[in-house]
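This report refers to the structure that appears directly beneath it.
The values are calculated or read from the model by the stated rules, or taken from the named source; none is laboratory data. This is a predicted model, so every value here is computed, not measured. Ideal geometry is used to build each Cβ from the backbone, glycine not excepted, and the neighbour counts take in all protein chains shown.
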Amino acid sequence: MAVARRAAEGDAHARCSIMELLFDRIHKTASYLTSSRQEAMDIAQSACIEVLFSLGDYRGESSITYWADRITLKTAAGIFRKKTRRQRIREEFFQPEPEIVGLEETAGRAEVRSQLTVLLQKMKRKHREILVLRHVHGYSIKETASLCDVPIETARARLKKSRSVLKKKVLSDPILKGWVREWIEE
Amino acid sequence: MDRRMRNDKNIGTDNFDAGLTDAFSDAPLCGALGSIDDLTRRRIINDLIEEVETFERSAIAEAAMKKRGGGVFAYAAAAGFVVLLAAGGFWMTWNGSGPLAKDPDTYFGEVVDCSASLFIDNDTAPLHAPIPVGKAVQTTDGTALLRLPTGIDLWMDEHTETAIATLTDDRVILSVDRGEAWFRIDPKREGPALSVVTPQGRIEVTGTIFVVNAQPGEVLVTLLRGSVKVVLSSGEKRLSDGHAMSLRKGASYALAQEEKRSMHHRLAALTWEVDTLADAIDAPPEKGEAPLLNVDPSISATQSTPVQAPEKSDPDTLLAEIQTQRGRGNWPKVESLYKKLIRIAPGSETAVVSRVSLGDVYLSKLHRYKDALQQFERYIRSGHTTLLPEAHYGRCAALKAMGDSLSEEKCLISFVRRFSSSLQAAKAEARLNALRGERLR
C-alpha cells in the first residue's frame, strides 16, 4: 500500500517495484485472453499504463493483484470492443492455430495444458474470460463475478455454460480425451 | 480440492472442474504464449514508466501554461526556445564533442551497449541512459559498454561495479570497486585529466588501453597499450605496455604469451585494436616459458603468488590423486590439487573443466561461496561449453548460498531460458517459482 502510494506520487523506484510485481501476472492474463502474441502484448502494455495512472485510486480494499486483474480485463474488453464486428466474427470462427509455447515440465501436464489452451482460445471471449479467472488465477465465483462486472448468478450460469462448451471440445479431441479420461464423468 | 471451489455452492465442482484447475494450477508465469526474455521485459517496464512520466510532465507544463494565461505569445516563445535548444544541441553534436552530458554537473556519458540488466544507483538502467556522477554503475549477469565524453570507453564485465566518483573542470576520477573493467582512452583526447581509483591504489591515465581486475584482497592492473602511472601507498610506479601489476604487492611482471592471446580475443570481441599483442598471436609458445601469474581470485590475500617454473606433475597424475583425496574426503587437499592442475596446464580442457569441479567443492564441501561463484564464472567466461549448464546452475546455487536472492532470481531466469531441457531445469524452475512466490507475498 505504501509502495502504491509512493508510486502514485511519482516515485520512479516505487513504480518500477509495482511493475516488477504485476507485469508477469498481467501478461499471463492477457496471453490467455487472446491467441495473438501481439494483441496479448498490446493488452498487457495498455493495462500496465492504466495501472500506473490509476495507482492513486488504489485504496487497499482488495489485493493489488486482484485490482490489477480487474484493470487487465477492462483493458482487454476495451481493445476487443474496438475491433470491427467483421473482425470479431472472423476471429471467433476462423481463428488460425494459436501460438502456444510451453516449457518442458513433468510429462503430461504441459501437454494437457497446452491442448486445453488451444481449445480455450477458440471459445467466445466471455467464456474464455471466466475460465481464465476461475482456473488460471483461482478466483472464487464471487470474485469472478465482481471482476467481470456481472451478478453472481450470471457468473455461475456463464461458468456452467463455458465448462460445458469446453468439455464438449475436449470430448471431440481424441488425444486430449484420452489424457483426461479420469476427469470425464461416465 | 481448492478451498475456493469447496466454498462455492451450486457450481457442481465435478471431476472436470477439478481437473481444469489442476491443469492450470502451476501454469508458468509466462502464460500461454511463452516467455519474454528478461532484457525485453525490463525494457518494456522502463518504457512504460517513461511514457507515464513524459505524459505527466507535459500535463503539468500544459496546466501551468494555461494558468498563466500566456496565450499565443507564450506558445510562440516556448516554440522558439525549443528551436534554440535544438539548434544548440545540433551545434554541439556537429562540433564532434560526442554525447555531452545533459547537465555537466550531474551526468557524464551514457550507456551505449548492455547485454543484460544494468543498474545505476540500484535502479535498472536502459540503453542510452545517461550516467550520473557519484552513483554506482553495476552489471549483474551481463556486460556493458559506457562511453564517456572526450574519448573514454569503459567496458564492464559481469558482476562489476564502477562509478564516476568525481568530476571537475580539470579532472575526472573513475572508480572500479569490484569485477573487471576495460578502459580504452583516446591518445588524442582533450578534456579533464583522468584517474582511476581502486580499493588498493590509483592509476593516472594517458592515452592507453588497460584492464583493472578488482577482487577481494587483490587488484590487478594490466596495460595493453601506452603508459600509466600507478600511485600506491608505497610510492609511484610506472607500468609499461604488455605488463601487469598487482597493486597489493606493487610488483609488475610481463604478460605471458597465453595471457596476451586471451586478451587479444577479448579485444577482438570489443573491436579494440592493439599492436603490442600482435606478436603474441603469431608466435608459438616458448619452451620453458613461465606459466601465467596465477590471478585466480580464489587465492586469499595472505598467500603469496610467485611466478613458478612449470610443474613436473602431469594433469593425468593429478587427476588420479584428486580422485583419491575425494574418496578420503580430504577437501582442502582436493582444492589445492585442482588449483595445481589449473596452474600447470591453464589452457587445457582438463584445467578449464576442473574449474566447475573446484566450484562444486567450494560450494558443497568447503562452503566458500564467493570462491565457488568465481570459479563458475571463470568457466563461463572461458568460452568452453561442455559443462555450461552445470556452471550456470552452480552460479545460481552459489548466489543462493550467499543470500543474494535478487541476483539468484536473475540467474535462474537466464538458466531456465537457455537450458530448458537440461537435467537441472525442473529444479531451477521450482526455485524460481518459490522466489517469485515470496516476492508476491
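For segment A:34-74, enumerate the residues that are crowded, with 21+ Cβ neighbours inside 10 Å, farther than 23 Å from B:E56 by Cβ and at the interface with another protein chain (Cβ under 10 Å from one of its Cβ atoms).
Result: A:T34, A:S35, A:A40.
What are the residues in segment A:133-169 that are within 9 Å of another protein chain (Cβ to nearest Cβ), in a helix (DSSP H, G or I) and surrounded by fewer than 18 Cβ atoms within 10 Å (Cβ to Cβ), if any?
A:K142, A:K160
Conditions first: (1) of a type outside the set (S, T, Y); (2) without any contact (Cβ under 8 Å) to a residue 40 or more places away in the chain; (3) facing another protein chain (nearest Cβ under 9 Å); (4) under 23 Å from B:E438 (Cα atoms). A:R25 passes all but one, so which condition is the exception?
For A:R25, the failing item is (2).
Yes or no: A:R15 facing another protein chain (nearest Cβ under 8 Å), closer than 19 Å to B:T54 by Cα and charged (D, E, K, R)?
Working: facing another protein chain (nearest Cβ under 8 Å): yes; closer than 19 Å to B:T54 by Cα: yes; charged (D, E, K, R): yes.
Against the criterion (facing another protein chain (nearest Cβ under 8 Å), closer than 19 Å to B:T54 by Cα and charged (D, E, K, R)), A:R15 qualifies.
Given the options B:L341, B:L358, B:L412, B:L337, name the one that is within 20 Å of B:D38 (Cα to Cα) and either buried (at least 18 other Cβ atoms within 10 Å of the Cβ) or modelled with pLDDT under 85 (or both). Even if it seems obvious, please write down each step before you answer.
Numbers: B:L341 fails: within 20 Å of B:D38 (Cα to Cα); B:L358 fails: within 20 Å of B:D38 (Cα to Cα); B:L337 fails: within 20 Å of B:D38 (Cα to Cα).
Only one candidate qualifies: B:L412.
When the residues of segment B:144-163 are narrowed to those that are at pLDDT below 85 and under 17 Å from B:V112 (Cβ atoms), which ends up surrounded by the most Cβ atoms within 10 Å (Cβ to Cβ)?
Narrowing segment B:144-163 to residues at pLDDT below 85: B:149-151, B:158-159.
Applying the additional criterion that residues be under 17 Å from B:V112 (Cβ atoms) yields B:149-151.
Values: B:P149: 20, B:T150: 17, B:G151: 17.
Step by step, filter segment B:144-163, then rank; the result is B:P149.
Check B:V172, B:V221, B:V211 and return the single one that is surrounded by fewer than 22 Cβ atoms within 10 Å (Cβ to Cβ) and among the hydrophobic types (A, V, I, L, M, F, W, C). Outline the logic, then answer.
On the way: B:V172 fails: surrounded by fewer than 22 Cβ atoms within 10 Å (Cβ to Cβ); B:V221 fails: surrounded by fewer than 22 Cβ atoms within 10 Å (Cβ to Cβ).
Answer to the selection: B:V211.
Restricting attention to segment B:393-403, does a residue exist that is modelled with pLDDT of 85 or more, part of a loop (DSSP other than H, G, I, E, B) and of a type outside the set (A, V, I, L, M)?
Yes, there is a match, as at least one residue in segment B:393-403 is modelled with pLDDT of 85 or more, part of a loop (DSSP other than H, G, I, E, B) and of a type outside the set (A, V, I, L, M).
Which of the following residues is farther than 17 Å from B:D47 by Cα, at pLDDT below 90 and part of a helix (DSSP H, G or I): A:A76, A:A68? Spell out the reasoning first.
Values: A:A68 fails: at pLDDT below 90.
After ruling out the rest, the residue left standing is A:A76.
Yes or no: A:S31 at pLDDT 85 or above, facing chain B (nearest Cβ under 8 Å) and over 25 Å from B:F119 (Cα atoms)?
Working: at pLDDT 85 or above: yes; facing chain B (nearest Cβ under 8 Å): yes; over 25 Å from B:F119 (Cα atoms): yes.
So A:S31 passes the test.
Name the residues in segment B:203-255 that are among the small types (G, A, S) and not in a strand (DSSP E or B), would you? It would help to see each step written out before you state the result.
Going residue by residue through segment B:203-255, those that are among the small types (G, A, S) are B:207, B:214, B:217, B:226-227, B:233-235, B:240, B:242, B:244, B:246, B:250-252, B:254.
If the condition is that a residue be among the small types (G, A, S) and not in a strand (DSSP E or B), then B:G207, B:G217, B:G226, B:S233, B:S234, B:G242, B:G250 are the ones that fit.
Identify, by number, the condition in (1) within 14 Å of chain A (Cβ to nearest Cβ); (2) touching a His at 6+ places or on another chain (Cβ under 7 Å) that B:V352 doesn't meet.
Only one criterion in (1) within 14 Å of chain A (Cβ to nearest Cβ); (2) touching a His at 6+ places or on another chain (Cβ under 7 Å) is unmet by B:V352, namely (1).
Rundown of residues vs (1) out of contact with any helix residue (DSSP H, G or I) (no Cβ under 6 Å at 6 or more places or on another chain); (2) farther than 23 Å from B:C411 by Cβ; (3) in contact (Cβ under 8 Å) with a residue 40 or more places away in the chain, yes/no style:
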{"position": "B:V137", "(1), (2), (3)": "yes, no, no"}
{"position": "B:A163", "(1), (2), (3)": "yes, yes, no"}
{"position": "B:G191", "(1), (2), (3)": "yes, yes, yes"}
{"position": "B:V196", "(1), (2), (3)": "yes, yes, no"}
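Kindly evaluate A:F53 against the criterion of being of a type in the set (F, W, Y) and at pLDDT 75 or above. Before you say what the answer is, go through the steps one by one.
Working: of a type in the set (F, W, Y): yes; at pLDDT 75 or above: yes.
For A:F53, the condition - of a type in the set (F, W, Y) and at pLDDT 75 or above - is met.
Among B:L366, B:L412, B:L399, which is the only one that is over 15 Å from B:V353 (Cα atoms) and within 14 Å of chain A (Cβ to nearest Cβ)? So that I can check it myself, show each step before the final result.
Details: B:L366 fails: within 14 Å of chain A (Cβ to nearest Cβ); B:L399 fails: within 14 Å of chain A (Cβ to nearest Cβ).
Result: B:L412 is the single residue among B:L366, B:L412, B:L399 that is over 15 Å from B:V353 (Cα atoms) and within 14 Å of chain A (Cβ to nearest Cβ).
Rundown of residues vs (1) in a strand (DSSP E or B); (2) among the charged types (D, E, K, R); (3) modelled with pLDDT of 85 or more; (4) under 20 Å from B:N46 (Cβ atoms), yes/no style:
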position: B:F73; (1), (2), (3), (4): no, no, no, no
position: B:D113; (1), (2), (3), (4): yes, yes, no, yes
position: B:P126; (1), (2), (3), (4): no, no, no, yes
position: B:E180; (1), (2), (3), (4): yes, yes, yes, no
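Look at segment A:32-47 and say how many of its residues are assigned to a helix (DSSP H, G or I), touching a residue at least 40 places away in the same chain (Cβ under 8 Å) and either aliphatic (A, V, I, L, M) or touching a helix residue (DSSP H, G or I) at 6+ places or on another chain (Cβ under 6 Å) (or both).
2
Given A:I130, A:I89, which one is assigned to a helix (DSSP H, G or I), at pLDDT 85 or above and of a type in the set (V, I, T)? Reasoning before the result, please.
On the way: A:I89 fails: at pLDDT 85 or above.
The unique qualifying residue is A:I130.
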